[in-house]
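Everything on this sheet refers to the single structure shown next.
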There are 2 protein chains.
Amino acid sequence: MTDKVETAKFDVDAAVEHLRTLIATDSFTELLSELANVRPADIAAIMERLDRVEQTLVLDALEPEIGSDVVLELEESTRKNVLEDLSDTRIAQMADELESDDAADLVGELDDDTRARVLEQVPQESRDEVERLLTYDDDSAGGIMKLEAAWVRQSHSVAKAVEMVREHYREMDEIHEIFVVDRNHVLRGVVTPTELLLADPAQTVADIMDSESPVTIHPEEDQAEAARLARRYDRLSLPVVDDLGRLLGIITHDDIFDVIEEEEQEDISYMAGTGEDAPAERSVFKAFFERGPWLLVGLVGGVLGALVMSGFEHAIKIEHALFLPAIMAMAGSVAIQASSLVVRGVATDSFALQGLGKTLFRELRVSILFGLGLGALLGICAYGLSGGDGELSACVSVAMVIVVVNAALLGTLIPVLLHRLGKDPAVATGPFITTLNDVLGILTYLLVLTILL
Amino acid sequence: MTDKVETAKFDVDAAVEHLRTLIATDSFTELLSELANVRPADIAAIMERLDRVEQTLVLDALEPEIGSDVVLELEESTRKNVLEDLSDTRIAQMADELESDDAADLVGELDDDTRARVLEQVPQESRDEVERLLTYDDDSAGGIMKLEAAWVRQSHSVAKAVEMVREHYREMDEIHEIFVVDRNHVLRGVVTPTELLLADPAQTVADIMDSESPVTIHPEEDQAEAARLARRYDRLSLPVVDDLGRLLGIITHDDIFDVIEEEEQEDISYMAGTGEDAPAERSVFKAFFERGPWLLVGLVGGVLGALVMSGFEHAIKIEHALFLPAIMAMAGSVAIQASSLVVRGVATDSFALQGLGKTLFRELRVSILFGLGLGALLGICAYGLSGGDGELSACVSVAMVIVVVNAALLGTLIPVLLHRLGKDPAVATGPFITTLNDVLGILTYLLVLTILL
């Protein structure tokens, strides 16, 4: 068993050292035999540590069948470099080895000129498939489906269906579901290989197929919807059908894994205001331009805050300003809590289960509790810090209640509104909501001070 | 096709109204026949809108086989209520209908007394399974595995293997992979039903099984590791094996879906400081106690900020305080960007590919760019707002550079440190990092002011 545990916790460091030596001494035959038992994902992990020249050398040495899997597993920026360095022929060979969805992803990453040159070298059938898949939007169900969906006719006998699997689908990576179509290729049901295995060969496919109408998706729907359906109905894969219900392709479990993660990562990047800046991305300038706009939002908020304060400049004293950070921090935190709950609710489908009214009412009650609690605490601190200034302490408490309740309501309403408008509500979880509430918090506090003092 | 599309976009509102009428008129036979074609997840969505009495009535009417699936799909708080209202016998029937992992989850949610009473009514074999699974930690691989893993011996003929599937595994929900074990039940390989279907019945399983050593996991490892392995190696499911490599159970794709989402949601809840407060949770007090501690962190930071400022009270003027919000906002935003990139890198496995040194160095360079850019911008604004105070403007710019670089480095180092200590780095993405940087930002700005002015 030790070798299995080791495979799971693959020792990249050791492998990198060893590979480097082999490359340096031009021992490519030995390199290939060493890599024969390493999984593509692990080869990719090693590759990330090699320099660009070494990466190309390894990929040129690997069989296109393995090399293509490795390229898919590389980080985006590494893959970009590697694809620039490999020959068109090599890329075409790899694309031909891949399943249609992966081939389309790979070819889709090439610049227009290279793509045209590479596609010319891909066999006609694969080329047609890739070109068809490239017409779908990256984030759509069509953008993640593969065309290799195993199908049989409902009128086929089980024996004939087995024959079709043997003749046509043997080469497919893994078949876990076989779709049942009618003579117009309209999807009618699903059978599993296990069902075929256990059935009487003389039965028809229609006899043994799952009679429940399959959960399907249209190629132009959002990929997030595909993930939602697969999760909600515990599907291993999702057939993609056109307007007439005809089977076009299949979205498999690994695509669903990716989409779930991608969508959540998108939410996180909105919350953190990092844009698409990826952790493994190395370009400093790319990071600057991805993250810069979000920081600018915060800066504009800060400058607005300064403007607001300068309007009150003669009415307030430095003792009053002491409590601004606490008010601002609470406004931002409460708003982010509220908005992220809406976003999570939308993502996990549980938000639909409750109306907006219920959500708002709950948030209102929670925020009143928080406002009172935090207001009282900060009031006490302010009393102590100001040397017993009861008026200031009262202002701080009152302002806190207003700010917290307001932040909670805005934090709920804004993402809900975005969602209703068909926008991603997660946009409202990060810098925008914090900034808005920072400014409103400052304004509220200073207004309360001016009115009460 | 319209009916398929409708199934996917199930109209909960209409169904709720209709069901309410049926319940009100005691038409349970009609209700059952109406629900017969509705998927469990959709029944659960309807149930969420019903009141507690109606929920119990529906669940009592449903066959335990369907009812058990519905209960699993309910929101946690609804399920809690429902389990309180259903009879022990009913819960025991449901547990017996479920696969072992789901049964253990269901029974695990009961209080100790109810659990003991329910288990007494569960048939011996299922009870043993549930009790065994309950010994594993909720967040471990063992906590999400099911014991119903289909297996055959490597010495079996294909014909014998098919016979085993027919006799023992027919009842299993879906078999997509059949594990191959030796006489000691040590896992040796995997075959798919398709491979059995296409093989010569006289071959042995060892002849046709995938020779690559399977990716496995130990029951005590973290569930996140299970999800990572499944994703990294594109696995549909993951066999769980003990120290000796013996097959214990299987983690299936739907569990992996859940874990990926759960882990990401956990990161988001750390970032937002919501604790475990769930979007669909209705209790105001629970929300108060889940989210309160995170707000307290921010409040403590705010009060610390006030303390720091009061130390400089006589050295600074209200004009100086105008720029505090901008400095604080930038400190918080930059730190959150940096820390969330580390967290995303850890979650997506891409962080391991680069060393800490590279990540820090990149962050340093990016933050110097940001510091200079933001410092210049805020300096210009400060110059304008202060009516041409060049000294103040310079102080603001210098402080911004220091604050931004410092926030970026802390935002990188703290989550990395947590990760090395075996803690979840996401803890450092929310209120803690913002608060720390708020206070440091105030301190830095005021120190720069005091030194330069």
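The values are calculated or read from the model by the stated rules, or taken from the named source; none is laboratory data. What you are looking at is a predicted structure, and each value in this text was computed from that prediction instead of being measured. A quick note on method: Cβ atoms are made from the backbone with ideal geometry, for glycine too, and the neighbour counts reach across all protein chains shown.
Test of understanding: among B:410, B:369, which residue is of a type in the set (A, V, I, L, M) and without any contact (Cβ under 8 Å) to a residue 40 or more places away in the chain?
B:369
What do you reckon, is residue B:399 surrounded by fewer than 20 Cβ atoms within 10 Å (Cβ to Cβ), hydrophobic (A, V, I, L, M, F, W, C) and more than 11 Å from every other protein chain (Cβ to nearest Cβ)? Step through it out loud before you land on a result.
On the way: surrounded by fewer than 20 Cβ atoms within 10 Å (Cβ to Cβ): no; hydrophobic (A, V, I, L, M, F, W, C): yes; more than 11 Å from every other protein chain (Cβ to nearest Cβ): yes.
In short, no.
Which one of these does residue B:132 not meet: (1) within 30 Å of residue B:422 (Cβ to Cβ); (2) free of Cβ contacts under 8 Å to residues at least 24 places away in the same chain; (3) surrounded by 20 or more Cβ atoms within 10 Å (Cβ to Cβ)?
Only one criterion in (1) within 30 Å of residue B:422 (Cβ to Cβ); (2) free of Cβ contacts under 8 Å to residues at least 24 places away in the same chain; (3) surrounded by 20 or more Cβ atoms within 10 Å (Cβ to Cβ) is unmet by residue B:132, namely (3).
Only residues that are hydrophobic (A, V, I, L, M, F, W, C) and facing another protein chain (nearest Cβ under 8 Å): list them for the range B:334-344, please.
Within the range B:334-344, B:334, B:336, B:341, B:342, B:343 meet the criteria.
Here are A:119, A:72: which of them is free of Cβ contacts under 8 Å to residues at least 40 places away in the same chain and either over 28 Å from the mean Cα position of the chain (by Cα) or assigned to a loop (DSSP other than H, G, I, E, B) (or both)? So that I can check it myself, show each step before the final result.
Details: A:72 fails: either over 28 Å from the mean Cα position of the chain (by Cα) or assigned to a loop (DSSP other than H, G, I, E, B) (or both).
Among A:119, A:72, only A:119 is free of Cβ contacts under 8 Å to residues at least 40 places away in the same chain and either over 28 Å from the mean Cα position of the chain (by Cα) or assigned to a loop (DSSP other than H, G, I, E, B) (or both).
Cβ-Cβ distance below 7 Å, separation of 6 or more or different chains: which pairs start in the range B:301-319 with a residue that is surrounded by fewer than 20 Cβ atoms within 10 Å (Cβ to Cβ) and end on one that is not aliphatic (A, V, I, L, M)?
B:312/B:450; B:315/B:450; B:318/A:313; B:318/A:317; B:319/B:386
Output the number of residues of the range A:412-425 satisfying the condition of being modelled with pLDDT under 85 and among the polar types (S, T, N, Q).
0
Can you work out which of the residues in the range A:137-163 that are surrounded by fewer than 17 Cβ atoms within 10 Å (Cβ to Cβ) and under 27 Å from residue A:65 (Cβ atoms) is farthest from the other protein chains (Cβ to nearest Cβ)?
A:138
Restricting to the range A:267-288, name every residue that is without any contact (Cβ under 8 Å) to a residue 12 or more places away in the chain, among the β-branched types (Val, Ile, Thr) and under 13 Å from residue B:342 (Cβ atoms).
If the condition is that a residue be without any contact (Cβ under 8 Å) to a residue 12 or more places away in the chain, among the β-branched types (Val, Ile, Thr) and under 13 Å from residue B:342 (Cβ atoms), then A:268 is the only one that fits.
Which residue, of A:331, A:382, A:376, A:347, is surrounded by fewer than 23 Cβ atoms within 10 Å (Cβ to Cβ) and either closer than 19 Å to residue A:453 by Cβ or more than 7 Å from chain B (Cβ to nearest Cβ) (or both)? Write out each step before concluding.
Details: A:331 fails: surrounded by fewer than 23 Cβ atoms within 10 Å (Cβ to Cβ); A:382 fails: surrounded by fewer than 23 Cβ atoms within 10 Å (Cβ to Cβ); A:347 fails: surrounded by fewer than 23 Cβ atoms within 10 Å (Cβ to Cβ).
Answer to the check: A:376.
Of the residues A:278, A:315, A:306, which single one is in the same structural domain as residue A:415 (by TED's automatic domain parsing) and part of a loop (DSSP other than H, G, I, E, B)?
So the residue among A:278, A:315, A:306 that is in the same structural domain as residue A:415 (by TED's automatic domain parsing) and part of a loop (DSSP other than H, G, I, E, B) is A:315.
Can residue A:363 be described as more than 9 Å from chain B (Cβ to nearest Cβ) and either in a helix (DSSP H, G or I) or more than 36 Å from the chain's Cα centre (by Cα) (or both)?
Values: more than 9 Å from chain B (Cβ to nearest Cβ): no; either in a helix (DSSP H, G or I) or more than 36 Å from the chain's Cα centre (by Cα) (or both): yes.
Taking the combined requirement at face value, the residue does not satisfy it.
Within the range A:277-299, work out how many residues are over 18 Å from residue B:346 (Cβ atoms), at pLDDT below 85 and not small (Gly, Ala, Ser).
0
Please state which of the following conditions residue B:388 fails to meet, knowing it meets all the rest: (1) part of a loop (DSSP other than H, G, I, E, B); (2) closer than 24 Å to residue A:325 by Cα.
Every listed condition holds for residue B:388 apart from (2).
Kindly provide the set of residues from the range A:7-62 that are polar (S, T, N, Q) and not in a loop (DSSP other than H, G, I, E, B), ordered by number.
Selection gives A:7, A:21, A:29, A:33, A:55, A:56.
Of all residues in the range B:173-198, which are without any contact (Cβ under 8 Å) to a residue 60 or more places away in the chain and more than 7 Å from every other protein chain (Cβ to nearest Cβ)?
Matches in the range B:173-198: B:178, B:180, B:182, B:183, B:188, B:189, B:190, B:191, B:195.
So which of B:405, B:427 is under 27 Å from the mean Cα position of the chain (by Cα) and either outside the structural domain of residue B:297 (by TED's automatic domain parsing) or aliphatic (A, V, I, L, M) (or both)?
Criteria check complete, one pass: B:427.
Does residue A:72 satisfy the criteria of being of a type in the set (A, V, I, L, M, F, W, C), more than 19 Å from residue A:22 (Cα to Cα) and within 13 Å of chain B (Cβ to nearest Cβ)? Spell out the reasoning first.
Working: of a type in the set (A, V, I, L, M, F, W, C): yes; more than 19 Å from residue A:22 (Cα to Cα): yes; within 13 Å of chain B (Cβ to nearest Cβ): yes.
Criteria met by residue A:72.
What helices (runs of 4 or more DSSP H) lie completely within the range A:169-258 and have 1 or more residues being assigned by TED's automatic domain parsing to the domain that holds residue A:157 and within 30 Å of the chain's Cα centre (by Cα)?
Per the criteria, A:223-232.
Every residue in the range B:426-444 that is closer than 21 Å to residue B:366 by Cα and modelled with pLDDT of 85 or more, please.
B:433, B:434, B:436, B:437, B:438, B:440, B:441, B:444
Would you mention how many residues in the range B:55-65 are within 16 Å of residue B:38 (Cβ to Cβ), surrounded by fewer than 19 Cβ atoms within 10 Å (Cβ to Cβ) and over 30 Å from the mean Cα position of the chain (by Cα)?
2
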